[in-house]
Amino acid sequence: MATKRDYYEILGVDKNVTAEDLKKAYRKMAIKYHPDKNPDDPSAEEKFKEAAEAYDVLNDPNKKARYDQFGHAGMGGAAGGYGAGGPTMEDIFSQFGDVFGDDSPFGSFFRGAQGGGGGRQRVRRGSDLRIKLKLNLQEVANGVEKKIKVKRHVTCNTCGGNGAKNGTAVQTCSTCQGTGQTRKVVNTMLGQMVSTSTCPTCNGEGKIVTDRCDACFGEGRVLQEDVIPIKIPAGVAEGIQLSVGSKGNVPPRGGVAGDLLIVIEEEEDIDLKRDGNNVVFDLYVSFVDAAIGTSVEVPTIDGKARITLEPGTQSGKMLRLKGKGIKELNGYGRGDEIVHVNVWTPKVLSLEEKSILEQLRHSPNFQPKPNKNEKGFFDKMKDFFHG
Ligand SMILES: [Zn+2]
Ligand SMILES: [Zn+2]
């Protein structure tokens, strides 16, 4: 571990330095060794960090007292509470608001430096369009291709999007010389610095339309109804948002279109209820069918399917139709259909029906004999839906 320099020495101050002078001393070092000002000097970044660490300690009365008494040893290795490597660049920049003030040219200078660049020409982007799309269970399960009608702003064909009559009546903005930004030179301790803002004359467009296009009234775009084909993948769910690139609005007078965002809404199915990628169907059978056994048709996502009920089927039994559920979104798997058997108890009986049933009332096979070792409803439910 390299020997650490004395914090007072780093900032060139003495032990009785005032908070104001300490801040001034640190500013001077931060500006002098700022990495952006010293791109070819790797030691500058080290000194920059060193100064930040020194300032952090000396500016905190508790840390300063500990340092004054014990030196670097009192800082517990990780000086100033930073990691072993000292403060990161992010740590340093985050304290600049306090040291330089957010409104000062330093503040924005350092934030700009942190972002690495700035002053790039921005491409103007139009707004996104958001529409809701209702899908039935079959469309959700298998995916579907739809043609969607949307009203959106598209580039005006008459003027080619610049909003000018004949496409030519456009002048470069004289206020900003076409850059869309006005610059102001500010004198600071660092020397002259440039601050930029959006040009008020052209609103940042860099151009002025002198004679407006008749078709779009100088907007450079017109509202148009478009039919946009989209492919909905299988397995989507309520609230999922799909995005179709560049099918939103173009901005006024040139730029790229925003996106078309499609928010999925699920139509509830009368028969098949969705649980994740499984669907559940409640089947009702007569007591006679359940006792003797039968074969019945049940609805599935892809039409009817025939299933067999064994003799002695109990109410509450669940049958699994493998792979008859919903396809996994972006996957290869597919859920199941679960048929939940409900044995129908007659609610009304004729005298004749009643007398037949009366004969069976005390018949031995009609007495309930549940097998206590068999799983009850709770366990069966867990197995089916989550096993
Ligand atoms: Zn036009
Ligand atoms: Zn301008």
Where the centre of each part is set by its Cα atoms, how far does the range 170-205 sit from the range 27-68, in angstrom?
33 Å
Please report, in whole Å, how far the alpha carbons of the range 273-386 spread along each principal axis, starting with the longest.
59, 33, 21
Sorted by average packing, counted as other Cβ atoms within 10 angstrom per residue and highest first, what order do 7-16, 246-255 take?
246-255, 7-16
To the nearest 0.05, how large is the calculated FRET efficiency for E225 and K132 if R₀ is 22 Å and r is the Cβ-Cβ distance?
0.80
Please compute the contact order of the chain in relative form: average sequence separation of alpha-carbon pairs under 8 Å and at least six residues apart, divided by the residue count, as a percent.
13 percent
For the Cα atoms of the chain, what angle does the longest principal axis make with the long axis of helix 105-115, in degrees from 0 to 90, nearest 10?
50 degrees
G254 long-range amide H proximity, modeled H, under 5 Å:
none
Which of rounded, prolate, oblate describes the chain, given a ≥ b ≥ c as roots of the alpha-carbon gyration tensor eigenvalues and a/c under 1.5 marking rounded, otherwise prolate only if a/b is larger than b/c?
oblate
Rounded tilt (10° steps) of 351-360 against the dominant C-alpha axis of the chain:
90 degrees
DSSP bridge orientation in the chain - percent antiparallel, rounded to nearest 5:
75 percent
In whole angstrom, how long is each semi-axis of the equivalent ellipsoid of the range 248-320, when you take the square root of 5 times every eigenvalue of its Cα gyration tensor and sort them from largest down?
49, 10, 9
Which residue fluctuates most in the GNM of the chain (Cα springs below 10 Å): A257, A51, A19?
A19
Listed here are the pairs K147/K380; K146/K207; K322/K347; K327/K347; K134/K322; K132/K327; which of them are more than 32 Å apart at the Cα?
K147/K380; K146/K207; K322/K347; K327/K347
On Cα atoms only, tilt of 377-386 relative to the major axis of the chain in degrees
50 degrees
Binned at 10 Å from zero, the C-alpha pair distances of the range 1-61 give percents of 23, 52, 23, 2
For the range 273-386, report the accessible area per residue in Å² (1.4 Å probe, heavy atoms, rounded to an integer).
71 Å²
Could you list which residues have their amide H under 5 Å from that of R334, counting only those 5 or more apart in sequence or on another chain, with H placed in the peptide plane?
E328
Contour minus Cα-Cα span, D282 to H362, at 0.36 nm per residue, comes to 25.8 nm
Qualifying lysines (Cα of each under 22 Å from Cα of K64; at least 8 residues distant if same chain):
K4, K15, K23, K24, K28, K47, K49
Taking only the alpha-carbon positions of the range 125-253 and ignoring solvent, what does the Debye formula give for the base-10 log of I(q)/I(0) at q = 0.10, 0.14, 0.16 Å⁻¹?
-0.54, -0.76, -0.85
How large a share of the accessible area of the chain, in percent, is made up of carbon and sulfur atoms when the probe is 1.4 Å and the other protein chains stay in place?
49 percent
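The values are calculated or read from the model by the stated rules, or taken from the named source; none is laboratory data. A quick note: this is a predicted structure, and the numbers were derived from the prediction, not measured. Every residue, glycine among them, receives a Cβ derived from its backbone with ideal geometry; neighbour counts consider all protein chains shown. Ligands, DNA and RNA are stripped out before the accessible areas are found, and what is left, the full protein with its side chains, is counted by its heavy atoms. Shrake-Rupley method; radii C 1.70, N 1.55, O 1.52, S 1.80 Å.
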